[in-house]
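Reading through the structure tokens given below for one structure.
Just so you know, all these numbers are worked out from the coordinates, no wet-lab data involved. As the structure is a computational prediction, the values presented were derived from the model and not from experiment. Backbone-built Cβ (ideal geometry, glycine too); neighbour counts: all protein chains shown.
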Amino acid sequence: MSGKNNPIRNFLTDTLEGYREVLRVAIPLILSTSSLTIALFVDRLMLSWHSLDDVAAATPGGITYFTICCFFQGTAQYTNTLVAQSHGAGDRKACSRAVWQGVWFSFISLPFLLVSIPIGRWLLSNTGHGPIVVELEKQYFTILMYSGISLPLNAALSSFFSGRGRTTHVLVGNLIGNVGNIILDYLLIFGNFGFPELGIKGAGIATAVTNFIPALYWVCLFLSARYDSRYNARREFRFDSKVFKALLKFGLPAGAQFVIDVASFTAFVLIVGKLGEIDLAATNIALSIETLSFLPMIGMSIATSALVGEYIGRKQPEIAEKRVSCAVSLALLYTGIMAALFWLAPEFLLDLFRPYQVTQIDFEPLVNKGVVLVRIIGAYTLFDTVFIIYNGALKGAGDTRFTMWAQIALAWVFFVPPIYIMTQYLELGIFAAWFWLLFYVILIGTVFWLRFRSGHWKTIDVFV
């Protein structure tokens, strides 16, 4: 039997090629989100060394900021799919045209972001957290909101590179910004090298300033002579109603799904915070530890979305399906390792967050609860990975209305209301809330896997 007609050899060759392509696109994005993971981890770590009040305030303040901004970021992020499908179809000018529509959308979002600042501060005032923590939450949130436009802007500009599978440039931009954030954190949180000691205010200023570094890098690269000659990057600087409508038609549901997902976890943190400051701090630290497994998979999800979009553009959905299988396998391998770490060494991870001025004995009540929470994360992280990757795949094909409605139903029927009832009426405590979180993640991962298996995504045309 010749090599060309050997089905086993052909299968192995196709499979290896699939893994190589996924890794080529995904590794820079994973490293990019991993650098963000490290930056956020270090940010929370430095705040915990400064004071427990700072670290207790950081997650509610930060997640409220992100909840408001992520709708606009999630919508602008759909530029990735428009670029990917245009690239797959061989239309270079359309790639640049899509990026500019994402940029216009970002600037349109600015007044809405600024108007949302009083709303966010009001929400934080009504969390029921301690007065000192609430004031720190509001300070941190307000500073971050002034840089809110950077999130959709970065999403749109980076899509020119990620949508075409040129993800190394995405890595470089994010890496520069995240390293800058860590340096400014060190200077401004503790007042090192003559800078003022600002605590959580310093962390907010560091993040707000460095959020714009990736955008500056990408826009300079996008407008360079190289991309102008090949993609008409400068000459496509115009509003295109057809492409902008496609961005809104598929991007708005994607943005809505994103905000619903984040808002449900915001509600979870705020509800758990009502149980007491130890429960709130343990939850915040456990969720900070979770970023070690969660954020790198966002990079894999963006890569999966780009690959699905490209092969849809080429009219090859069967290859897109194979690439998704490769992405899921690789993602589960990584999160399986992280799950083992969460189960075997939760005390070590939690102790990293102990402030210098707090003794190990005084920190023990938080550790006792945190160990259980970190191990629950170890149990659900595999299902969360399945959800993240298949969510990216469905978005890459344009199946964003399903993802939105599924997220609404699952998050706001099966997740948030039961948590509220358990903690506020049945008084079952923090462990019951977290075990219900485990059930929710298993459920949503299963639903998105079944939707992808149905194959409906193969029938969608985003440019019609």
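Ordered by packing density, taken as the mean number of other Cβ atoms within 10 Å over each peptide's residues, highest first, how do 7-16, 409-418 rank?
Result, highest mean first: 409-418, 7-16.
When a/c is below 1.5 the answer is rounded, else prolate if a/b is larger than b/c, else oblate, so apply that to segment 158-270 with a ≥ b ≥ c taken from the square roots of the Cα gyration tensor eigenvalues.
oblate
If neighbour count is taken as other Cβ atoms inside 10 Å, put 129, 456 in order from fewest to most.
Lowest to highest Cβ neighbour count: 456, 129.
Within a 10 angstrom radius of the beta carbon, how do 166, 323 rank from fewest other beta carbons to most?
Ascending Cβ contact count within 10 Å gives the list 166, 323.
Could you let me know the centre-to-centre spacing of segment 79-141 and segment 324-379, using Cα atoms, in angstrom?
About 29 Å separates the Cα centre of segment 79-141 from the one of segment 324-379.
Taking each full run of DSSP H in the chain as one helix, which ones are at least 24 Å long along their axis (Cα atoms) and have mean Kyte-Doolittle hydropathy of at least 1.0?
Long hydrophobic helices here: 168-190, 241-273, 277-313, 317-344, 430-454.
Sort 104, 434 so the one with the fewest other Cβ atoms within 10 Å of its own Cβ comes first.
104, 434
Exactly which chymotrypsin sites (Phe, Trp or Tyr not before Pro) in segment 315-366 are in a DSSP loop and have at most 16 other Cβ atoms within 10 Å?
Qualifying residues, ordered by number: 356.
Can you pull out the trypsin sites (Lys or Arg not before Pro) in segment 180-245 that DSSP calls coil and that have at most 15 other Cβ atoms within 10 Å?
234, 235, 238
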